[in-house]
Amino acid sequence: MEGRAVTNSSTPVLSCEGLRKRFGDLVAVDGVGFEIAAGETYGLLGPNGAGKTTSISMLCGLLERDGGEVMLLGQPFTPRSVEAKRAIGYVPQDIAIYPDLSARENLAFFGRLYGLAGPELAKRIDEVLDIIGLADRANDRAGEFSGGMKRRLNIGIGLLHGPKLLVLDEPTVGVDPQSRNAILESIAHLGTEGMAVLYTTHYMEEAERLCDRVGIIDHGKVVAEGTRAELVRLVGEHDRVRLAATGDLPAAAAALAELVPVHEADVADSGLDLIVEGAADALASVLAVAASKGAAVTSVDVVQPDLEAVFLHLTGRALRD
């Protein structure tokens, strides 16, 4: 989600350094560190078991850490920082709502736990229902909701008290595509209002869509961090181009390899596989050279580098392995 303005501040909403956690012989988190500014959505991207949930459990004060530091709004933060926890809205993977209560009643109950009451609570409930797209189902029993609607209500509970930092742990797991899109739209809205958002996911497309910066986590370590563009530069920003073609393919491949933007050109599976720097600009020249060498191109497929390619480059395995 590059290009969105991030509030400038000398003090990050959240910063952590050197987080470590061991469970017996398993090192679940090994030196994790990053920071999040107001108005920024930061993504922790990695496969299941990479250490995402353990990391945010320590960041939210739900789990003692074995090592490292956490700063929240410029102050040291530990599981015993009870008052400081009011600045955090935590939305866990497991749905935590009361199925026999309506959406509005659920929000009212949790709002009172946050210390809200009266007109202030009623106003905030209406605002949250609009944000999560459940205003038209406010009085329906939550137990009748779809999985995606329950997850949206779960997010709404985390938003009620207007936290400075919203922490979302895999909020779209197990929901249908329509609900997933509604959840992502709701989350995208939050950063524009100045809230810091920490978002964990193993879905590359979600990180690319939502996050201003991404930390790629694997085996308990953040192996790279940056904007999408910064991370893609790690794999050279080269596009993969597949030309389905017939004719003199070896001659075409040899000629294409001489073009400056083309880094590799190979014959494969009744076509040509190329690695091209800036394929959008080079494609016209590529097609002209292929045709001049007797290759008849029937289709073109361009795959731009993405976070999946970055993860593969850094770890040697696919994101979903």
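No lab work stands behind these numbers, since they all come straight from the coordinates. Fair warning: this is a prediction, and the values are worked out from it, not measured in the lab. Heads up, the Cβs are rebuilt from the backbone with ideal geometry, glycines too, and the neighbour counts pull from every protein chain shown.
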Exercise. Long-range amide H contacts for Ala295: which residues qualify at under 5 Å (H placed 1.01 Å from N, peptide plane, sequence gap of 5 or more or a different chain)?
Worked result: Asp248
Exercise. What value, in deg cm²/dmol to 500, does the helix sum -39500 (n - 2.57) over DSSP H runs of n ≥ 4 give at 222 nm once divided by the residues of the chain?
Worked result: -9500 deg cm²/dmol
For this session: Taking only Cα atoms and a 10 Å spring cutoff, compute GNM fluctuations for the chain and point out the largest among Ile95, Ile157, Ile187.
Result: Ile95
Exercise. If you count the DSSP beta bridges with both ends in region 14-233, what percent of them are antiparallel, to the nearest 5?
Worked result: 55 percent
For this session: Please identify, among Val241, Val222, Val232, the residue showing maximal mean-square fluctuation in a Gaussian network model of the chain using a 10 angstrom Cα cutoff.
Result: Val241
Seminar exercise, completed: Taking only the alpha carbons of region 71-165, the radius of gyration and the largest Cα-Cα distance, Dmax, both in angstrom, are 13.8, 42
For this session: Tally the DSSP beta bridges in region 163-292 and give the antiparallel ones as a percent, rounded to 5.
Result: 75 percent
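Quick check on the exposure proxy: order Arg228, Arg152 from fewest to most C-beta atoms within 10 angstrom.
Placing the least packed residue first, the sequence is Arg228, Arg152.
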For this session: For each pair in Lys52/Lys123; Lys85/Lys164; Lys164/Lys221, compute the distance between the two Cα atoms and list the pairs where it is over 22 Å.
Result: Lys52/Lys123; Lys164/Lys221
For this session: For the chain, give the magnitude of the charge dipole about the Cα centre (Cβ charges: +1 Lys/Arg, -1 Asp/Glu; no others), in debye to the nearest 20.
Result: 1140 debye
Exercise. Among His263, His161, His219, which one moves the most in a GNM of the chain with springs linking Cα atoms closer than 10 Å?
Worked result: His263
Seminar exercise, completed: Footprinting proxy, Val175, Val214, Val262: sorted fewest to most Cβ within 10 Å, the residues are Val175, Val262, Val214
Exercise. By what distance, in whole Å, do the Cα atoms of region 32-113 stretch along each of the three principal axes, largest value first?
Worked result: 41, 32, 27
Seminar exercise, completed: Counting only residues 5 or more apart in sequence or on a different chain, those whose built amide H sits under 5 Å from that of Tyr98 are none
For this session: Mind grabbing the base-10 log of I(q)/I(0) for region 14-233 at q = 0.12, 0.18 Å⁻¹? Debye formula, identical points on the C-alpha positions, no solvent, two decimal places.
Result: -0.63, -1.33
Problem set entry | Projected-area mean, region 266-321, by convex hull of Cα positions, square nanometres | 5.1 nm²
For this session: State, in angstrom, two size descriptors of region 238-304 derived from its alpha carbons: Rg to one decimal place and Dmax to the nearest whole number.
Result: 10.0, 27
Exercise. About its Cα centre, what dipole magnitude does region 238-304 give when the only charges are +1 on Lys and Arg Cβ and -1 on Asp and Glu Cβ, stated in debye to the nearest 20?
Worked result: 160 debye
Exercise. Counting pairs of Cα atoms in region 119-182, how many percent are more than 21 Å apart?
Worked result: 21 percent
